[in-house]
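Note sheet for the following structure.
The values are calculated or read from the model by the stated rules, or taken from the named source; none is laboratory data. The structure presented is a predicted model; accordingly, all values stated were derived computationally and were not measured. Heads up, the Cβs are rebuilt from the backbone with ideal geometry, glycines too, and the neighbour counts pull from every protein chain shown.
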Amino acid sequence: MAVSPPPSRRLPLNALRAFEAAARLGAFTAASVELGVSPGAVTAHVKALEATLGASLFERQSKGVRLTALGASAAGMFTEAFDLLTKAETSLRLGAAPQVVHVATLPAIAQLWLSPRLPALRLAAPEISVSITAMEHPPNLKRNPHDLSLFPAHTGGRLLAGDELFPVCSPAIGARLARVEDLGSVSCLMDSTWAEDWTLWLAQTGARVVVRGPVFSLYALAVEEAVNGAGVLMGHGPLVAGHLAKGTLIAPFSQRVSLPRGLRLWSARPMPKGSAVARVAAFLAQS
C-alpha cells in the first residue's frame with residue numbers, strides 16, 4: 001500500500017504580505033494603509049508568522065519597527081516576489097480586456113473635478129465603467145488594483161491642469177470686498193489639508209490682514225459652504241472652475257498665485273492602445 005507524504009505546511013500568504021509591507025515601509029501603520037486593513041491586523045499577522053517561525057522578524061521601537069537580521073535577510077526577496085506576482089496578475093487582467101477602470105484620487109478631486117466629467121465619458125464610452133476610490137495619499141500602484149492615480153504633484157505622469165490659488169466667494173459676499181484688507185471683516189474658510197493656502201496668497205498681495213474662520217477637513221465641503229455664503233475660501237483653480245462658470249462663486253480679486261504642482265494622472269502599468277484604461281486616460285487629458 002502506497003503511503004503519500006503529508007503536504008508541506010506553507011507560511012500563510014496574508015502574513016507574508018503583512019511582513020513584506022511593514023519591512024518595506026518601516027511601520028505597521030503604513031503597511032495597514034497600503035494593504036487596506038487595520039494596524040492590529042498587520043500586528044496579528046506578523047506575530048503569527050513569528051510564532052510559526054519561532055523567531056523575531058522585527059524589533060519594536062517607539063517610532064516604528066526595525067528588521068532583525070533574519071527579517072532583513074528575507075525582506076528583499078519577498079518584495080521581488082510580490083512585485084512579480086502583481087505584474088503577473090496585471091498581465092492576466094489586461095489580457096482579459098476589462099471594461100472597468102479603477103481610479104484613485106483625492107476626495108476633493110473626485111467630487112469637484114472628476115465627477116462632473118463622468119457623464120460625458122459615459123456618453124462617449126458607455127461600455128466602460130469607472131470606479132473611483134477617494135484617498136488622502138497616492139497609492140502604491142505596484143501593489144494596488146487601481147489603474148490610474150489622479151493627484152496634485154510636481155512631476156510625473158501626465159499634467160491635466162495647472163493649479164493656482166485665489167479667493168472665491170458667493171456674489172453676495174463679494175459685493176462686500178472692495179480691497180484685500182476687507183477680508184479681515186468676513187469669515188475666511190480654511191482647509192486643513194492645504195493650511196498654508198491663505199499665507200501663500202496673502203504674501204503675494206503684500207496686504208497686512210489677519211484672516212479668521214472655520215477649518216474644514218473636506219475641501220469639497222468648504223467649497224459648498226462658500227457657495228452657501230458662509231465666507232471666503234482660498235480656491236484651487238481646477239476645483240472651483242465649475243462653480244465659477246456657473247456664477248455660484250466669483251473671484252473678487254485679480255491676484256492669483258501659480259503653484260508648482262498640478263493635477264497629474266499616471267499609471268505604473270502599461271496601457272495598451274485601445275484598452276479601457278487608455279481611453280479613459282485620453283478622455284480625461286482632453287476634457
Inside region 241-258, the number of residues satisfying the requirement of being in a loop (DSSP other than H, G, I, E, B) and more than 24 Å from LEU202 (Cβ to Cβ) is 2
Considering region 12-44, residues that are under 19 Å from the mean Cα position of the chain (by Cα), part of a helix (DSSP H, G or I) and hydroxyl-bearing (Ser, Thr, Tyr), and then whichever is farthest from PHE82 (Cα to Cα), we arrive at THR29
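Condition check ((1) assigned to a loop (DSSP other than H, G, I, E, B); (2) at pLDDT below 95; (3) over 30 Å from GLY237 (Cα atoms)) across all residues:
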residue: ALA55; (1), (2), (3): yes, yes, yes
residue: ARG60; (1), (2), (3): no, yes, yes
residue: ALA75; (1), (2), (3): no, yes, yes
residue: THR86; (1), (2), (3): no, yes, yes
residue: ARG93; (1), (2), (3): no, yes, yes
residue: ALA97; (1), (2), (3): yes, yes, yes
residue: VAL101; (1), (2), (3): no, yes, no
residue: ALA110; (1), (2), (3): no, no, no
Note on region 106-127: residues in contact with a helix residue (DSSP H, G or I) (Cβ under 6 Å, 6 or more places away or on another chain) and either in the same structural domain as THR193 (by TED's automatic domain parsing) or crowded, with 18+ Cβ neighbours inside 10 Å (or both) are ALA108, GLN111, LEU112, TRP113, LEU121
Checked LEU263, LEU249, LEU244 against criteria (within 21 Å of the chain's Cα centre (by Cα), modelled with pLDDT of 95 or more and under 21 Å from PRO107 (Cβ atoms)); the one match is LEU263
- Task: Would you mind stating whether PRO214 is touching a residue at least 12 places away in the same chain (Cβ under 8 Å), loosely packed, with under 13 Cβ neighbours inside 10 Å and assigned by TED's automatic domain parsing to the domain that holds ALA124?
- Result: no
Selection from region 146-164 of residues surrounded by 15 or more Cβ atoms within 10 Å (Cβ to Cβ) and either in contact with a Ser or Thr (Cβ under 8 Å, 6 or more places away or on another chain) or within 23 Å of ARG17 (Cα to Cα) (or both) yields HIS146, ASP147, LEU148, SER149, LEU150, PHE151, GLY157, ASP163, GLU164
Residue hits (region 158-175; among the small types (Gly, Ala, Ser) and either assigned to a strand (DSSP E or B) or outside the structural domain of TYR219 (by TED's automatic domain parsing) (or both)) are ALA161, GLY162
